[in-house]
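The values are calculated or read from the model by the stated rules, or taken from the named source; none is laboratory data. This is a predicted model, so every value here is computed, not measured. Every residue, glycine among them, receives a Cβ derived from its backbone with ideal geometry; neighbour counts consider all protein chains shown.
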Amino acid sequence: MPLEPVSQALLEQLAESRQPPISEQTPAVARMTGPIFSGMSGPGPEVAAVHNLKLEGTDGGQFRVRVLVPEGEPQAVIVYFHGGGWVLADIDLQYDHVGRDLANRTNSTVVLVNYRKAPEHRFPAAVDDSYIGLCWAAEHAAEYAKPGAPLIVAGDSAGGNIAAVMAQWARDRNGPRVDYQALIYPVTDCDFETASYTAPQNQLLLNRDTMIWFWDHYLPDAEARTHPDASPLRGDLAGLPPALVYVAEFDPLHDEGVAYAQALEKAGVPVTTELAEGQMHIYFQMAKVLPGYETGMALVADHITTFLAEHASTHGKAVSDA
């Protein structure tokens, strides 16, 4: 199907502004668009409690996490890693809205990790910070959710990349048990020559040049990009938690998302692949701006809620059998 009309209108509006593409901007200038889009979305829904904390990275530097607690007894802890190409965005702009929405719709506590950004903090700072955030969330889960609540990793774009890496690290480092992963149009590889990367119809708000710009700031060494800590598609996927992989139709990252889902399935991991028809990359952070946000948030929340119901049923049966 064609690109949905609201997305097309947004692209035309941005084109009229005659702003240079991100790939021709400095990170500082590119970051100035965040408040604009956040203002278009407006504040997120109310939650029962918000806790802002600072954690220490492996190098002694600090980064923030925000804990969003819904009303009632939270059924899970979702650690969410935001998108932005490892360079842009943070937990104060659109992603506060995303986190609040996800918390309320899944009745789960959401922990937003404000990992440090490139190029000031290049790879592996983002994944190191994120793993510290994940371990912190697991250690404090009993304070923010019901006893035995599942631990879920989730994220979009670069955040989907980090979530996928976190699932692998938790398995390999005897870390916290991750029960489910929700990956929204994730970066899973460093191959800029896939069909979706080079397709003319996918050169939209995110395009091939912009992704190269992101990678150049995050991890300039092209050979190092092939390590599974940067390109999780190249890692061992056996024994990972069940996954949702949600890809956009008009997206340079479409093919690597599908490839990751296929590789998970080949490795014996239960996986569901969903396609956001007519949507371009970025829809999942565009609350009240692009209709794909509402559809996408509902879909992700439904998948997580279904998983939680199945987990509760299986866990309850295991307890009764014991």
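Observations on the model:
- Those helices (runs of 4 or more DSSP H) of region 93-194 in which at least 1 residues are at pLDDT below 95, polar (S, T, N, Q) and closer than 26 Å to residue 45 by Cα, considering only elements entirely within it, cover 94-106.
- Pick from region 216-254, criterion in a helix (DSSP H, G or I) and under 17 Å from the mean Cα position of the chain (by Cα), ranking: nearest to residue 2 (Cα to Cα): 254
- Residue in region 142-155 that is within 28 Å of residue 223 (Cβ to Cβ) and in contact with a Phe, Trp or Tyr (Cβ under 7 Å, 6 or more places away or on another chain) present: yes
Conditions tested, residue by residue: (1) closer than 27 Å to residue 220 by Cα; (2) aliphatic (A, V, I, L, M).
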| residue | (1), (2) |
| --- | --- |
| 90 | yes, no |
| 95 | yes, no |
| 98 | no, yes |
| 102 | no, yes |
| 106 | no, no |
| 109 | no, no |
| 115 | yes, no |
| 128 | yes, no |
| 132 | yes, yes |
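- Screening residue 285 against (1) in contact with a His (Cβ under 7 Å, 6 or more places away or on another chain); (2) closer than 27 Å to residue 178 by Cβ leaves a single unmet condition, (1).
- Scanning region 20-41 for residues that are free of Cβ contacts under 8 Å to residues at least 40 places away in the same chain and either over 22 Å from residue 87 (Cβ atoms) or surrounded by fewer than 14 Cβ atoms within 10 Å (Cβ to Cβ) (or both) gives 20, 24, 26, 28, 29, 32, 36, 39.
- When residues in region 42-84 are screened for being buried (at least 20 other Cβ atoms within 10 Å of the Cβ) and among the polar types (S, T, N, Q), 1 of them pass.
- Residues of region 255-288 that are within 24 Å of residue 5 (Cβ to Cβ) and part of a strand (DSSP E or B): 274, 275, 276, 277, 278, 279, 280.
- Tally of residues being within 14 Å of residue 246 (Cα to Cα) and either surrounded by 21 or more Cβ atoms within 10 Å (Cβ to Cβ) or out of contact with any strand residue (DSSP E or B) (no Cβ under 8 Å at 6 or more places or on another chain) (or both) across region 263-273: 2
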